[in-house]
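Each remark here refers to the structure printed beneath this line.
The values are calculated or read from the model by the stated rules, or taken from the named source; none is laboratory data. What you see is a predicted model, and the numbers here were worked out from it, not measured in a lab. Positions of Cβ are backbone-derived with ideal geometry, glycine not excepted, and every protein chain shown enters the neighbour counts. What goes into the accessible areas is simple: the full protein's heavy atoms, side chains included, and nothing from ligands, DNA or RNA. Shrake-Rupley method; radii C 1.70, N 1.55, O 1.52, S 1.80 Å.
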Amino acid sequence: MRNRFHPKIKVLIAIIALIGIALLLFFLINPKPDDSEDIIWREYPVSTGDITASLDGNGKVELLGFSHGFAIPLTLEDVFVKPGEWVNEGDQLASFNKEKMDEQIEETTLSIEKARRFVEDAKINLASQQLQHKNNTNEGAQTTENQYQSQKKELEHAIVSSEKNISNSEEKIAELLQKIRSAESSEDYNVTPELERLLEKKARLEDALKQLQQAMKDDGSSSQIAMLESQKSVLQAQLKDNSAEITRITNATNILNGLKSELADVQGQIKGMLEDDPRLTMLLTREQELQRQISGMVDEPGKLSGLRELKKSLVQQIDSLKAQISALTKANRNESKILDIQEDIYDINDAINQFTTKQKAIDSLNAELDLLEETLETYREQLSDTQEQLEELQRARTEQLTQGNQNQTTQNQIHGLTMSTLENAVKNAQTEVDRLEKNHFDLQELLNTPTLTAKTSGVVTGVNFSKGDEVPAGKAIIIIGEDSEAFVKIQIPQEDINRIMMDISVELIFPAYPDITFTGIVTEKSYTPIAAASSVSYEVTIKMDETEQELLEGMTCSVNFILKRVENVLTLSNKAIRIENGKQMVTVRLSDGITEERQITTGFSDGRISEVLSGLVNGDVVVVAG
């Protein structure tokens, strides 16, 4: 069998195998080095120090300037100095025109007299306003009080009147009730049983009468007696109706007279009332109701007289018929019985009529009682309404007094403001008099020393007026700068001006003194903008602390506003801090070179350095890979 591989190939395979074994042994003996040894770490030491948040800018020195001028308006005669010159205290600076001053003195004298007259006028106006306010206050209060008392008196009178009407009505009702009780308690008032008994008795008597009259038919007088009896019955029926009508008219007349009496009383009350009386509407309504009731009733006094005459005639006619019947029935054997029965029937009819008339009288009394009770209820409603009106008037008066007090308070405040204005006018007028008198005095004094002299030594930093100029009172003619007190002016952009607060500390460095840090505080912040082509800024004034170095007008400096500063705290660069899951984390290298992760808490930061509150100590080294 032939060999499958060439000898050279076998050797090559053996060599490759040996190399592979050697490499395997090498890696097993020498493990792979830690990748961390190849990382480059940036170190951020933790140390103790200060952190300052500041705002930077550039400013310029302005020295404290002493203004020199006159307290009164003058015309300059001449100016003796120029800007930039050094002057000593007491040197002459300018002079004024005496002729112009004489004219001013004369004008001032006239102005003083005019101002004094104005003061007197203002005082008179002040006193007049005080008297007018006092008079208006008293007059207004008295008017409202009079109106209230008048309305109150009327309502109280109406209440008394209503109570009187109620009392009278109650008395009338009591009288009617007594009459009704008397009528109902009488022995014969039990109408129904007695009336039934009388009707039954009447029926029996009428039956007996018919039998007797039937027995008398054979007699010739029977038909005549029957006719007369029939006529008598008709007349008795008419007499019954007549008596009932008399009773009705008598009761109606009593009710009508009662209504008329009440109407006269109501109309008497209406006549004595004012148009704005709150009870007037109620009484007018009652008047209309009474008139309506009266108009629905018929006044029949004349008819009553006729009815009484008719009753008398009917009685006479009945008596006549009775006499005729008696004469015709004397011959009849049943005459006596018939007459007795007829008399009994007549008596029964009278008794029945009496019961009926008495019941009608009681019904009339009850009707009058109903009317009185209705009237009483009306009076009670009137009383209740009037009492409510009185209570409402009193409530309204209380509210009026409260509102009046509030209004008076407001009026007093307005009056106080008016008085303050007038008093200020008096004060201002007096102030003007004082000012003019002082100007007059100053003008007189200036005639003795007609020049303006320097109050201090220094450099003339400003000359605001020239020869011949009219100088207003109080305006600076000459300004002398003094280097004992210096200020720095700086313009702050609008986006930063709200960060500058009064009295905050400021650090300044001047090119003339590059190794010295000057200090000061913010003393003024202007609210008037300084507009440029593309920006808006505001001027801030810094008062310099005292220093031995000489600062001249116009020197420039860099300004550092100390917005906030924490001192002697643990600090760390913000570059060493990272955020993981909302937590502040750092990597700390320990003394043996091993690193560990820590969570920390920070406080104040200026944007570059942060205050460390927990998690690290002074001397720790925080590292960041990269």
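Compute the accessible area per residue over the chain, keeping the other protein chains in place, probe 1.4 Å, unit Å².
63 Å²
Any chance you could give the angle, 0 to 90 degrees and rounded to 10, that helix 335-446 forms with the longest Cα principal axis of the chain?
20 degrees
Roughly speaking, what is the stretch gain from Ser534 to Asp50, that is 0.36 nm per residue apart minus the C-alpha to C-alpha distance, in nm to one decimal?
Length gained between Ser534 and Asp50: 170.5 nm.
Give, rounded to the nearest 20 debye, the magnitude of the charge dipole that segment 405-516 has about its Cα centre when Lys and Arg contribute +1 at Cβ and Asp and Glu contribute -1 at Cβ.
So the dipole magnitude of segment 405-516 works out to roughly 360 debye.
Determine the distance separating the Cα centre of segment 572-604 from the Cα centre of segment 86-127; give it in Å without decimals.
77 Å
Would you kindly calculate the translational diffusion coefficient of the chain, applying Stokes-Einstein with the Kirkwood radius from alpha carbon pairs, for 10 °C and a viscosity of 1.306 mPa s, and quote it in µm² s⁻¹ without decimals? Write out the running numbers ahead of the final one.
Working: Rh = 42.8 Å.
So the translational diffusion coefficient is about 37 µm²/s.
Pop a pseudo-label 7 angstrom from the Cα along the beta-carbon direction at both Ala22 and Glu43 and give the gap in nm to one decimal.
4.3 nm
Take the residue pairs Lys427/Lys475; Lys60/Lys564; Lys179/Lys271; Lys210/Lys240; Lys201/Lys312; Lys240/Lys337 and return only those whose Cα atoms are more than 31 Å apart.
Lys179/Lys271
Under a straight-distance cross-link criterion of Cα-Cα below 18 Å, which aspartates and glutamates are reachable from Lys575, leaving out those fewer than 8 residues away in the same chain?
Glu43, Asp50, Glu596, Glu597, Asp606, Glu611, Asp620
At a 1.4 Å probe radius, carbon and sulfur cover how many percent of the accessible area of segment 497-590?
C and S fraction of accessible area: 48 percent.
Heavy atoms only, probe 1.4 Å: what % of the accessible area of segment 45-134 goes to carbon and sulfur, would you let me know? The partial results should precede the final answer.
Working: 2610 of 5450 Å².
C and S fraction of accessible area: 48 percent.
About its Cα centre, what dipole magnitude does the chain give when the only charges are +1 on Lys and Arg Cβ and -1 on Asp and Glu Cβ, stated in debye to the nearest 20?
3160 debye
In whole percent, how big is the carbon plus sulfur part of the accessible area of segment 399-478, probe 1.4 Å, protein atoms only? Could the numbers behind the result be given before it?
Details: 2460 of 4810 Å².
C and S atoms contribute 51 percent here.
Have a look at Ala94, Val46, Met585 and report the one farthest towards the positive end of the charge dipole of the chain, computed about the Cα centre with Cβ charges (Lys/Arg +1, Asp/Glu -1).
Working it through, the farthest residue towards the positive pole turns out to be Met585.
Quick check for me: using +1 on Lys/Arg Cβ and -1 on Asp/Glu Cβ, what's the dipole size of segment 527-626 about its Cα centre, in debye to the nearest 20?
Dipole about the Cα centre, nearest 20: 600 debye.
Helix 7-29 versus the longest principal axis of the chain: what is the Cα-based angle in degrees, 0 to 90, to the nearest 10?
Here the helix axis deviates by roughly 70 degrees.
Can you give me the angle between helix 280-295 and the longest principal axis of the chain, using Cα atoms only, in degrees from 0 to 90, rounded to the nearest 10?
The angle comes out near 20 degrees.
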